[in-house]
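The values are calculated or read from the model by the stated rules, or taken from the named source; none is laboratory data. Model, not experiment: these values are computed from the prediction. No Cβ is skipped: glycine too gets one built from the backbone with ideal geometry, and neighbour counts run over all protein chains shown.
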Amino acid sequence: MTHRSFMPLALAAGAIFGLALGIRTAQPLFISAINSATGVGYATISLAFGVAQLMWGIGQPVAGAVSDRWGPRPVMLAGSLCLALGTALMPFASSAWSLIVVVGIIAASGASTSGPAQLASAVARWIPEAKRSVANGIIGAGGSLGQFVLVPLAQLFIGLAGWQPALVIVGAIGLAAIPLVLFITPSEPLHATAHLNAGTLRQALAGALRDPSYLLLTAGFFTCGFHIAFIATHLPGIVAFCQLPASVSAWSLSIIGLFNMFGSLWIGKYIQMRRMKMALAGVYFARAIIILVFVFSPKVPMVFFLFAAAIGFTYLSTVPPTIGLVAKLHGARYMATLFGVVMLSHQVGGFLGAWLGGKAFEATGSYDWMWWADIALCLGAAAVHLPIREARPQPVPAAA
C-alpha cells in the first residue's frame, strides 16, 4: 500500500464532515420559522428532525457496506447531492409528511454518507496506522469547524434574505463537498487482495455482534446520540423559553463547534498512548457534570456561552476513540460498516433526544425532565465502557 501526504487528506476529509455537520446543525435554526409558516406544530417538526437523526444512523451502515464493497466515491457523491437538495427543498415542505421526507429522509440520508467513520475508512488506505488516530481527530475537528462557521452564517443569511432563501443558500453550500470527495477517494474500489485475512462482511458482522465489548461500545454510543440531538435540535427552543434573543442560540451552537474542534484534536492525540475505553468513560462522566452545573445556573447569555464551550469540548470527542476501538477490536477492513452499526445505536438515541425533547416540552412546559434523563444516561454510558476488553497501547517505534 502506498501512502499519500497525510495532512491534505485529513484536512479534506474534515472539510467534508464540516459541511455535512454544519448544514445539519444549522437546520434547527429554522424550526420556529417553519412552524410559523406551516402551523404543523412543534412536536410534528421535532418528529421530522427525530426521523432525520434515525435516518442518519440507518444510512451509515448501509453506506458503509456499499462503500466497503464498491468504493466510497459514488456513495459520497450521491450523498452530497441529497444533502444539498434536501436542505434547499425545506422551504417548500408545508405538511408533516413533506417535512419528514425532505428533512428526515433526503437530507439526512445524504448526510449519512459523510459520517466520520466513512471518511476515516476512505482515507485509511493512504495513511499510516500510527497516524490514524490523529487523522480521526482532524476529521472530527473539521466537523466542528463547519458547525462554527455555518451556523452563524445561516443566521446571517436569515437576517439578510429571509429564512426561505437562506435555506436554499445553505443547501447550495453543501455542493462544495463534491470536489473534496473526488480528491480523497480512489476512482476504483479497493481490491479484495488488499485485505486477505479480513473475511467477508457477513463474517465480520457476525463476529462483532457476538463480541460483548463491541456491544457495550454500541450501547454507550446511544447516550451520545440522545445527548447531542437533544441539544442540537432544542437549544434554540431552550434559549427562546428563557426569553433570550435568537442570536444566543446561534452563537451557542457556533461555540459548541469551535470548542469541539479543540476537543477532537486533543482526544486524537490523547488516545495514541492511552486506553480508549477510559477516555470514553471520562468524556461521558464530564458531560454529566457539565449538564448538572448548567441546570442549576442562572439562564443568562454568558452561562449559555460557557455551557456551550464546556459541552463543545466533549461533543464529538467520543468519535475518534469509538472509531479506534472498532478498528482495534475487529480490524479496519469493514470499519465503515461496523462503525455504522455503532452509529445506528447513536442515532436511535438521537431520534429519541430530538423527538422526546419536543414531546416533553409540550407536555410539561419545560425541558427539565430531558436534562435529568441526559445526566442519568451520561453516567450510565461512563459505566458501560469500563468492562470493555482493550489491550494497553504499545509505544510506537521512533522513525529511523
(message) Can you tell me which residue is nearest to the chain's Cα centre (by Cα) among those in region 357-366 that are part of a helix (DSSP H, G or I) and either closer than 24 Å to LEU329 by Cβ or free of Cβ contacts under 8 Å to residues at least 40 places away in the same chain (or both)?
(response) ALA360
(request) Exactly one condition in (1) surrounded by fewer than 24 Cβ atoms within 10 Å (Cβ to Cβ); (2) within 21 Å of SER249 (Cα to Cα); (3) at pLDDT 85 or above is not met by ARG73; state its number. (result) (2)
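Residue-wise test of (1) in a helix (DSSP H, G or I); (2) closer than 25 Å to GLY257 by Cα; (3) modelled with pLDDT of 85 or more.
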residue	(1), (2), (3)
ILE289	yes, yes, yes
PRO298	no, yes, yes
LEU306	yes, yes, yes
ILE311	yes, yes, yes
ILE323	yes, yes, no
VAL342	yes, yes, yes
ALA354	yes, yes, no
(request) Collect the residues in region 367-400 that are in a loop (DSSP other than H, G, I, E, B) and at pLDDT 85 or above, keeping them in residue-number order. (result) TYR367, HIS385, LEU386, PRO387, ILE388, ARG389
(request) Among the residues of region 202-246, write down those that are within 23 Å of GLY353 (Cα to Cα), assigned to a helix (DSSP H, G or I) and polar (S, T, N, Q). (result) THR218, THR223, THR233
(message) Here's a check for you: in region 215-243, which residue that is out of contact with any helix residue (DSSP H, G or I) (no Cβ under 6 Å at 6 or more places or on another chain) and surrounded by fewer than 22 Cβ atoms within 10 Å (Cβ to Cβ) is farthest from GLY159 (Cα to Cα)?
(response) LEU215
(request) Looking at (1) in contact with a Lys or Arg (Cβ under 9 Å, 6 or more places away or on another chain); (2) under 26 Å from LEU119 (Cα atoms), find the lone condition where GLY340 falls short. (result) (1)
(request) Return yes or no: is MET302 part of a loop (DSSP other than H, G, I, E, B), of a type in the set (A, V, I, L, M, F, W, C) and surrounded by fewer than 24 Cβ atoms within 10 Å (Cβ to Cβ)? (result) no
(request) Working only within region 279-289, note down all residues that are in contact (Cβ under 8 Å) with a residue 24 or more places away in the chain and either surrounded by fewer than 19 Cβ atoms within 10 Å (Cβ to Cβ) or touching a strand residue (DSSP E or B) at 6+ places or on another chain (Cβ under 7 Å) (or both). (result) GLY282, PHE285, ALA286
(request) Being of a type in the set (Val, Ile, Thr) and surrounded by fewer than 22 Cβ atoms within 10 Å (Cβ to Cβ) is the filter; apply it to region 36-54 and report the residue that is farthest from LEU344 (Cα to Cα). (result) THR38
(request) Please work out if ILE178 is of a type in the set (Val, Ile, Thr), at pLDDT below 85 and under 30 Å from ILE106 (Cβ atoms). (result) no
(message) I need every pair where a residue in region 319-340 that is among the acidic types (Asp, Glu) has its Cβ under 9 Å from the Cβ of a residue that is at pLDDT 85 or above, sequence separation at least 6 or different chains.
(response) none
(message) Report every pair of residues separated by at least 6 positions or lying on different chains whose Cβ atoms are under 6 Å apart, first residue within region 98-115 and touching a residue at least 40 places away in the same chain (Cβ under 8 Å) and under 16 Å from PHE339 (Cα atoms), second among the basic types (Lys, Arg) and surrounded by 24 or more Cβ atoms within 10 Å (Cβ to Cβ).
(response) ALA111/ARG24
